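Notes follow once the structure below has been shown.
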Amino acid sequence: MDTVVEDVLATTSFIDIHTHLFSPSLGSLGLWGIDELLTYHYLEAELFRFSPVSPEHYWTLTKTQRADLVWKTLFVDNTPLSEAARGVIAVLNALKLDAASKTLEPLREYFRSRKIEEYIPHVFRLAGITHAVMTNDPLDSEEAGMWMRGIEQDPQFPAVLRIDRILNQWSSHCTVLAAQGYAVDVDGSGASMKEVRRFLAGWVARMKPVYMAVSLEDTFLFPADDVRTRLFREAVLPTCREFHLPMSLMIGVRRQINPALRLAGDGVGRADMHAVENLALQFPDNRFLISMLSRENQHELCVIARKFRNLLPFGCWWFLNNTSIVEEMTRERLEMLGTSFIPQHSDARILEQVIYKWRNTRRTVGPILAQSYKLLAADGRNVTRDDIQRDVNRLFRTNFENWIRRGD
Ligand code: FIX
Ligand code: ZN
């Protein structure tokens, strides 16, 4: 059983439903190569635990100097045992590069010689994925400028309309919408909600997103007496219904608990799941993708998903993307939801990361799935390879495809 499951996972290409990767047409937004891999915020957080360098001094270094410091500290002076550090080794290994190199120059030479248009298909093949769903921010001035000038969309990189700045930073970003000619104000009064719908509709037409998304802090409540509740009710969720788009809620992040670490400075907190219950109950015609960041919220999410079929749990997000926790979450989800969930997404920020993140997922989920089939056989029903193929397709492709297509 183990080898059949392993083989089906190895020969099935997945859809990576949440990444921070960008299609080549979005140019320099897309990160790849050894210096980007080593200055990944997961590794920067670990660097500051090993190195006496102060964050203040670290940020004065060039990217190359930072990468050299991370490599020396975490890969030469210490054993790269963490999930993120092992990941770099796995990538270098998969690209047939010397993962024990004392310096980075020979590795830099390799990455300098890659042509991104040829390199992406190579990396996707190594990762066993067909699509990497992007995260696109219409209020990021650099990215928005590119979309406004018109970009050629790449079917391998579906877009997502990410609206954290509207939902979480309305007071500072409603002025940006106003400057773009939308009649909005900080209280969300007057035509504000209608205007936000107009803004979102414009970006739906421009980006043709597969879903809309937001990350929310651990203290997120719904409903609450605030503009965000009104934005959800009167602008965001109606727009999702109008364009048949699922809404992705990634809940439980505590942004910038240590600002000195920049992207590496975010934390986690256990969220109150009433917000998810209320959204699922009050908006039955909206489909939600849900990922909770706190380990302590996972069981509750499984229970709530059993009560509301407009919820699709996905991924072992960020601090949960560690083998020990992915095993626990995947086993629990299979026991409580069968195959009606999406086990993982990569959250890759650097192109080559999809190689190790999906290798880890196949390596971790395989034995869990095989164990489930063995239990089923022991209970009196054997499965065929076709059954396994159907389940793997469902978990890593069709659950998502159906969710984004449903309502068309
Ligand atoms: O909000 C998000 O999409 C998070 O995934 C990111 O903010 C986070 O920095 C990350 O890269 C997690 O893996
Ligand atoms: Zn993310």
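The values are calculated or read from the model by the stated rules, or taken from the named source; none is laboratory data. On a predicted model such as this, the values are computed, not experimentally measured, just so you know. Cβ coordinates were reconstructed from backbone atoms using ideal geometry, including for glycine residues, and neighbour counts include every protein chain displayed. The accessibility values were calculated without ligands, DNA or RNA, using every heavy atom of the protein model including side chains. Shrake-Rupley method; radii C 1.70, N 1.55, O 1.52, S 1.80 Å.
With a 1.4 Å probe and every protein chain kept in, tell me what percent of the accessible surface of the chain is carbon plus sulfur. Don't jump to the answer; show the numbers that get you there.
Numbers: 9130 of 17650 Å².
Using a 1.4 Å probe with all protein chains present, the chain comes out at 52 percent carbon and sulfur.
What ³J(HN,Hα) values, in whole Hz, does the Karplus curve 6.51 cos²θ - 1.76 cosθ + 1.60 give for the stretch 240-245 when θ = phi - 60°, with x put for Gly and Pro?
4, 5, 4, 9, 6, 9
Which semi-axis lengths, in whole Å and largest first, follow from the square roots of five times the eigenvalues of the Cα gyration tensor of the stretch 40-135? All intermediate terms of the calculation are to be shown ahead of the outcome.
Values: eigenvalues 129, 47, 42 Å².
The equivalent ellipsoid of the stretch 40-135 has semi-axes of 25, 15, 14 Å.
Please get the size of the charge dipole for the chain, origin at its Cα centre, with Cβ charges of +1 on Lys and Arg and -1 on Asp and Glu, quoted in debye to the nearest 20. Before the final figure, lay out the partial values.
Details: 48 positive and 51 negative charges, 118 e Å.
For the chain, the charge dipole is close to 560 debye.
So what's the convex hull volume per residue for the Cα atoms of the stretch 338-408, in Å³?
That works out to 109 Å³ per residue.
Any idea of Arg306's accessible area? Nearest 10 Å², probe 1.4 Å.
140 Å²
Taking amide H positions as placed 1.01 Å from N in the peptide plane, with prolines and chain starts having none, which residues 5 or more places from Ser248, or on another chain, fall under 5 Å of its amide H?
Under 5 Å from the amide H of Ser248 lie the amide H atoms of Met212, Ala213, Val214, Leu289, each far enough along the sequence or on another chain.
Considering only DSSP beta bridges where both residues belong to the stretch 225-335, give the percentage that are antiparallel (nearest 5). Numbers along the way, then the final one.
Working: 2 of 10 bridges.
Among the beta bridges of the stretch 225-335, antiparallel pairing accounts for roughly 20 percent.
Using a Förster distance of 30 angstrom, determine the FRET efficiency expected from the C-beta separation of Glu118 and Lys72, and round it to 0.05.
Working: r = 31 Å, r/R0 = 1.04.
E between Glu118 and Lys72, to the nearest 0.05, is 0.45.
Only residues of the stretch 1-44 count here: report those whose backbone N is under 12 Å from the spot 7 Å along Cα→Cβ of Ala377, or say none.
So the set is 1-5.
Along the charge dipole of the stretch 268-408, pointing to its positive end and built from +1/-1 on Cβ of Lys, Arg, Asp and Glu, which listed residue (Tyr373, Pro313, Leu289) has its Cα farthest out?
Tyr373
Please give the FRET efficiency for Glu242 paired with His299, using the beta carbon to beta carbon distance and R0 = 35 Å, rounded to the nearest 0.05. Show your work: numbers first, answer last.
Details: r = 34 Å, r/R0 = 0.98.
The calculated FRET efficiency here is 0.55.
Mind grabbing the accessible area of Thr339 for me, 1.4 Å probe, Å², rounded to tens?
Around 40 Å² of this residue is reachable by solvent.
What's the long-distance tail for the chain, i.e. % of Cα pairs beyond 26 Å?
Working: 46980 of 83028 pairs.
It works out to 57 percent of all Cα pairs.
Based on the alpha-carbon gyration tensor of the stretch 1-74 and its eigenvalue square roots a ≥ b ≥ c, which shape applies: rounded if a/c is under 1.5, prolate if not and a/b is larger than b/c, or oblate?
Values: a/c = 3.44, a/b = 1.74, b/c = 1.98.
Taking the square roots of the gyration eigenvalues as a ≥ b ≥ c, the stretch 1-74 is oblate.
Leaving ligands and nucleic acids out of the surface, order Asp154, Asp285 by accessible area at 1.4 Å, largest first. List each step's numbers first, then the result.
Numbers: Asp154 40, Asp285 120 Å².
Solvent-accessible surface, decreasing: Asp285, Asp154.
So what is the relative contact order for the chain, in percent, with contacts set as C-alpha pairs under 8 Å and at least six apart?
Relative contact order for the chain comes out at 22 percent.
Which of Arg112, Arg331, Arg390 moves the most in a Gaussian network model of the chain with Cα springs under 10 Å?
Arg112
Determine the gain in length on full extension of the stretch Gln169-Ser51; use 0.36 nm per residue of separation and subtract their C-alpha separation, reporting nm with one decimal.
On the way: separation 118, 0.36 × 118 = 42.48 nm, distance 3.42 nm.
Here the segment from Gln169 to Ser51 would lengthen by 39.1 nm.
What's the long-distance tail for the stretch 145-229, i.e. % of Cα pairs beyond 21 Å?
Numbers: 1290 of 3570 pairs.
More than 21 Å apart: 36 percent of the Cα pairs in the stretch 145-229.
Search the structure for amide H atoms under 5 Å from the amide H of Ile129, placed 1.01 Å from N in the peptide plane, and list their residues when 5 or more places away or on another chain.
Counting only residues 5 or more places away or on other chains, the set is Phe14.
Give the residue list of GluC sites (Glu not before Pro) in the stretch 244-314 that are DSSP loop and have at most 11 other beta-carbon atoms within 10 angstrom.
Values: sites: Glu277, Glu296, Glu300; in loops: none.
Taking the stretch 244-314 and a limit of 11 other Cβ atoms within 10 Å, no loop GluC sites (Glu not before Pro) are found.
Return the tail of the calculated pair distribution for the stretch 218-337, meaning the percent of Cα-Cα pairs more than 17 Å apart.
It works out to 59 percent of all Cα pairs.
Mind pulling up the Rg/Rh value for the stretch 280-408? Radius of gyration and Kirkwood radius, both on Cα.
Details: Rg = 15.0 Å, Rh = 15.6 Å.
Dividing the radius of gyration by the Kirkwood radius yields 0.96.
Find the Cα radius of gyration of the stretch 63-217, compare it with 2.2 N^0.38 Å by division, and give the number to two decimals. Write out the running numbers ahead of the final one.
Working: Rg = 21.1 Å, N = 155, 2.2 N^0.38 = 15.0 Å.
Ratio of Cα Rg to 2.2 N^0.38 Å: 1.41.
For Leu61, Leu375, Leu177, what's the largest-to-smallest order of accessible area, 1.4 Å probe? Mind dumping the intermediate values first?
Values: Leu61 35, Leu375 95, Leu177 0 Å².
The ranking, largest first, comes out as Leu375, Leu61, Leu177.
Put a dot 7 Å past each Cα toward the Cβ at Gln256 and His41; how far apart are the dots in nm?
1.1 nm
Distance in nm between label sites at Gln156 and Asp387, each 7 Å beyond Cα in the beta-carbon direction?
Rounded to a tenth, the inter-label distance reads 3.6 nm.
Sort the following peptides by mean Cβ neighbour count (other Cβ atoms within 10 Å, averaged over residues), highest first: 91-98, 391-398, 255-262. Mind showing how you got there, number by number?
Values: 91-98: 16.2, 391-398: 19.9, 255-262: 13.1.
Highest mean packing first, the order is 391-398, 91-98, 255-262.
Under Stokes-Einstein, with the Kirkwood radius over Cα pairs standing in for Rh, what whole-number D in µm²/s applies to the stretch 181-271 at 4 °C and 1.567 mPa s?
Numbers: Rh = 14.7 Å.
Taking Rh from Cα pairs, D becomes 88 µm²/s.
Calculate for the chain the 222 nm mean residue ellipticity that helices alone would give, adding -39,500 (n - 2.57) per DSSP H run of length 4 or more and normalising by residue count, nearest 500 deg cm²/dmol. Could you put the intermediate results ahead of the total?
Values: 20 runs with 196 residues, N = 408.
Helices in the chain give a 222 nm mean residue ellipticity of -14000 deg cm²/dmol.
Could you order His131, His299, His173 so the one with the most accessible surface comes first? Probe is 1.4 Å.
Working: His131 55, His299 95, His173 25 Å².
These residues rank, largest area first, as His299, His131, His173.
Are there DSSP H segments in the chain that both extend 27 Å or more along their axis (alpha-carbon positions) and score a mean Kyte-Doolittle hydropathy of at least -0.5? List them, or say none.
Correct list, ordered by number: 353-378.
Who wins for biggest fluctuation among Asp137, Asp272, Asp379 in a Gaussian network model of the chain, springs between alpha carbons below 10 Å?
Maximum among the listed residues: Asp379.
Would you mind getting me the FRET efficiency between Thr130 and Thr62? Use the beta-carbon distance for r and R0 = 56 Å, nearest 0.05. It would help to have the intermediate numbers written out before the result.
Values: r = 36 Å, r/R0 = 0.64.
After rounding to 0.05, the efficiency reads 0.95.
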